[in-house]
Amino acid sequence: MKTKRIIYIFLLMICIVKGHRLFAQKKDTIHSFKTVGLSLQIYPAGLISCVTFENYVSQKGSLLFRLGINYADRKDYSPYNDNEKGKGFGGSMGYRKHVPLKLGKIVFGLHCDIWNMWINWKNDIGEPNYTKGQTYTLVLQPWIEGGYFIRLKSIPLQFGITTGFGREINVVTNGKDVGQGWMNSLLLHFNYMLKRT
């Protein structure tokens, strides 16, 4: 079952990288640029802070790459343990579609994250049979994104707010089972334009 999940996610990642060709225009009509930035992704069981790099491959399409740290605090959300907290590192790659609207643009995206997570779990807290431990998981997280960005005219800065919906999938687990499943999140973005052609 886990092997099938890995194959599905791998195919999704290939589609993301190749997908921009479906939207790209002829080179002589492309006004492309690159941005670097910061993003904060808040979800019910934690938050993710990232450094981002975005490469525009057409007027309305871009490839997004993120590197960051994932802080998890699952409280009692997990069906496996009474309390789960941890952190890890990883990144993501994805494709965004940009649609100009008034002072900014609407964005739609398809992404896939990979996280190395170390989760500290506790059970029967305050009871005689109290137990605790740590589990390592390799998490794949495919997700979709949508939201709005505003670009400042006087300086090359962009601010954005988006929402994401996806699924955490524990493809490798060393230790006791820990939580996974569907998740919704709110993302805040700050980008600086590096180059324009």
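Structural remarks
- Residue within region 83-97 that is over 16 Å from residue 43 (Cβ atoms), crowded, with 19+ Cβ neighbours inside 10 Å and of a type in the set (Ser, Thr, Tyr) present: yes
- Positions within region 140-189 being under 15 Å from the mean Cα position of the chain (by Cα), surrounded by fewer than 16 Cβ atoms within 10 Å (Cβ to Cβ) and farther than 18 Å from residue 106 by Cβ, in sequence order: 167, 181, 182, 184
- Taking region 118-139 as the range and being open to solvent by less than 40 Å² (accessible area, probe 1.4 Å) and over 14 Å from the mean Cα position of the chain (by Cα) as the test, the residues that pass are 119, 121, 123, 133, 135, 137.
- For the criterion of being in contact with a His (Cβ under 6 Å, 6 or more places away or on another chain) and either among the small types (Gly, Ala, Ser) or modelled with pLDDT under 95 (or both), residue 160 passes.
- Residue check, residue 38 open to solvent by 60 Å² or more (accessible area, probe 1.4 Å), touching a Gly at 6+ places or on another chain (Cβ under 6 Å) and more than 19 Å from residue 184 (Cα to Cα): no
- Pairs linking a residue in region 53-81 that is within 22 Å of residue 185 (Cβ to Cβ) to a residue that is open to solvent by 30 Å² or more (accessible area, probe 1.4 Å) and among the hydroxyl-bearing types (Ser, Thr, Tyr), with Cβ atoms under 7 Å and 6 or more positions apart or on different chains, are 68/49; 69/49.
- In summary, residue 52 fulfils each of the numbered conditions (1) of a type in the set (Ser, Thr, Tyr); (2) under 18 Å from the mean Cα position of the chain (by Cα); (3) surrounded by fewer than 19 Cβ atoms within 10 Å (Cβ to Cβ) with the single exception of condition (3).
The values are calculated or read from the model by the stated rules, or taken from the named source; none is laboratory data. Keep in mind it's a predicted model, so treat the numbers as computed, not measured. Please note: Cβ atoms are built from the backbone with ideal geometry, for glycine as well, and neighbour counts cover all protein chains shown. Note: accessible area is taken over every heavy atom of the protein model, side chains too, but ligands, DNA and RNA are not part of it. Shrake-Rupley method; radii C 1.70, N 1.55, O 1.52, S 1.80 Å.
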